[in-house]
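**Student:** Pasting in a structure now, in structure tokens, and then I'll have a few things to ask.
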Ligand code: GLY
């Protein structure tokens, strides 16, 4: 299935199919006909996967970067851009990110800044990448001060979501992606009862359709796109604290799942939703095999502090919350109320 992302002269399609990677050469020939060289950016672990038979139809080089968040820093960006320069990649050429959200974020940012911008294609190989990270043109690297603090909007010329790449995905990574799938299901105001038995490929398609529709109306997150951060205020804070402890405790989507369970409880406290909505959120998370419970060692004060520094917070505690009029960004929530709901939430363990 092809889902259009309608952005005027930056429009492109997200291809969702078994074997979507094999559409790369045709996509490049159509969208960047003057390209002569393609650089594929990937990790050593992905390069040896059975599905890594990617053909651009051009003179092709593969550049390896580290796996995961450790790829998203200035040092790796510099190494990557230096390789592009040494390979004499021109402004007419193309770069292709093959990997999870970290690799497509880094590749997208390199494409945005190398020679002031060259064409990029994303081939996301994780569930998080396919349903979220590779779609919508957000690119970034991290600073010690926080995730994704340096980046730009740079739309790809196409995104190829190949379901074949998910067959080799480790379980933890799959679960992480399901956190984003749960977010989309809940943003669509769907019930847990309709989730059971829905094939994974359909869940990916639903999530991509939702994101494409939102990004088409708000490319640079002036309004509706912020709703895609549902569950992320607490989720990002948990991730930040977990990363500071340097343990692989919670992946992005696992932290988002906890953030979703918390957000609906906060919405209930603010009398925006009924208790039935809490039950629906919990059922959606458990149907997808997600825990949605806050581990007790994340201190409330540390979480409040981290949430205040979220780049979406604008120096205030802001959450995307459901309500009778649908979802909206609610800011100015008092830290005392957030603390109380957090304490009660933790007690539900
Ligand atoms: N991950 C949220 C967005 O792309 O806007």
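**Student:** Measure nothing fancy, just the Cα-based angle from helix 74-86's long axis to the longest principal axis of the chain, in degrees from 0 to 90, nearest 10.
**Tutor:** Tilt relative to the chain: about 20 degrees.
**Student:** Follow-up question, since we're still on this one. To the nearest 0.05, how large is the calculated FRET efficiency for residue 324 and residue 248 if R₀ is 45 Å and r is the Cβ-Cβ distance?
**Tutor:** 0.70
**Student:** Moving on to the next point. Compute the distance in nm between two label points, each set 7 Å from the Cα along the Cα-to-Cβ direction, one at residue 10 and one at residue 91.
**Tutor:** Label at residue 10, label at residue 91, 1.8 nm between them.
**Student:** Describe numerically, in nm with one decimal, the distance between label points set 7 Å from Cα along Cα→Cβ at residue 224 and at residue 53.
**Tutor:** It works out to 4.0 nm between the two label points.
**Student:** Test of understanding: what is the full-extension gain from residue 193 to residue 163, defined as 0.36 nm times their sequence separation minus their Cα-Cα distance?
**Tutor:** 8.3 nm
**Student:** For region 20-130, what is the convex hull (Cα atoms) projected area averaged across all directions, in square nanometres?
**Tutor:** Projected over every direction and averaged, the Cα hull of region 20-130 covers 6.2 nm².
**Student:** Give me the Å³ per residue figure for the convex hull around the C-alpha atoms of region 213-349.
**Tutor:** Looking at region 213-349, the number lands at 118 Å³ per residue.
**Student:** Can you tell me the orientation of helix 335-347 relative to the chain, as the angle in degrees between its alpha-carbon axis and the longest Cα principal axis, to the nearest 10?
**Tutor:** The two axes meet at around 90 degrees.
**Student:** Could you tell me the calculated FRET efficiency between residue 144 and residue 286, based on Cβ-Cβ distance and R0 = 45 angstrom, to the nearest 0.05?
**Tutor:** Once the sixth-power term is evaluated, E becomes 0.80.
**Student:** May I pose another question? I'd like to compare 268-279, 98-109: which one has the highest average count of other Cβ atoms within 10 Å, and what's the full order after that?
**Tutor:** In descending order of packing, they fall as 98-109, 268-279.
**Student:** Å³ per residue of the Cα convex hull, for region 105-150?
**Tutor:** Looking at region 105-150, the number lands at 76 Å³ per residue.
**Student:** Where the Cα atoms of the chain are projected onto their three principal axes, how long is each span, largest first, in whole Å?
**Tutor:** Taking max minus min along each principal axis of the Cα atoms, the chain gives 58, 40, 37 Å.
**Student:** OK, next. What do you get for the angle between helix 171-187 and the principal long axis of the chain? Use alpha-carbon atoms, 0 to 90 degrees, nearest ten.
**Tutor:** With rounding to tens, the tilt is 70 degrees.
**Student:** How much mean residue ellipticity at 222 nm does the chain get from its helices, if each DSSP H run of length 4 or more adds -39500 (n - 2.57) and you divide by all residues, to the nearest 500 deg cm²/dmol?
**Tutor:** It lands at -12500 deg cm²/dmol.
**Student:** Then there's this: Rounded to the nearest 0.05, what FRET efficiency do residue 79 and residue 296 have when you use their Cβ-Cβ distance and R0 = 56 Å?
**Tutor:** Between residue 79 and residue 296 the formula returns 0.90.
**Student:** Right, next: How big is the antiparallel share of DSSP beta bridges in the chain, given as a percent to the nearest 5?
**Tutor:** 35 percent
**Student:** So if each residue of separation counts as 0.36 nm, and I subtract the Cα-Cα distance between residue 275 and residue 25, what length gain in nm does that give?
**Tutor:** So the extension gain works out to 84.9 nm.
Computed from the coordinates by the stated procedures, all read-outs in this text should not be read as laboratory data. Keep in mind the model is a prediction, meaning the values are calculated, not measured. Note that we place each Cβ from the backbone using ideal geometry, even for glycine, and neighbour counts take in every protein chain shown.
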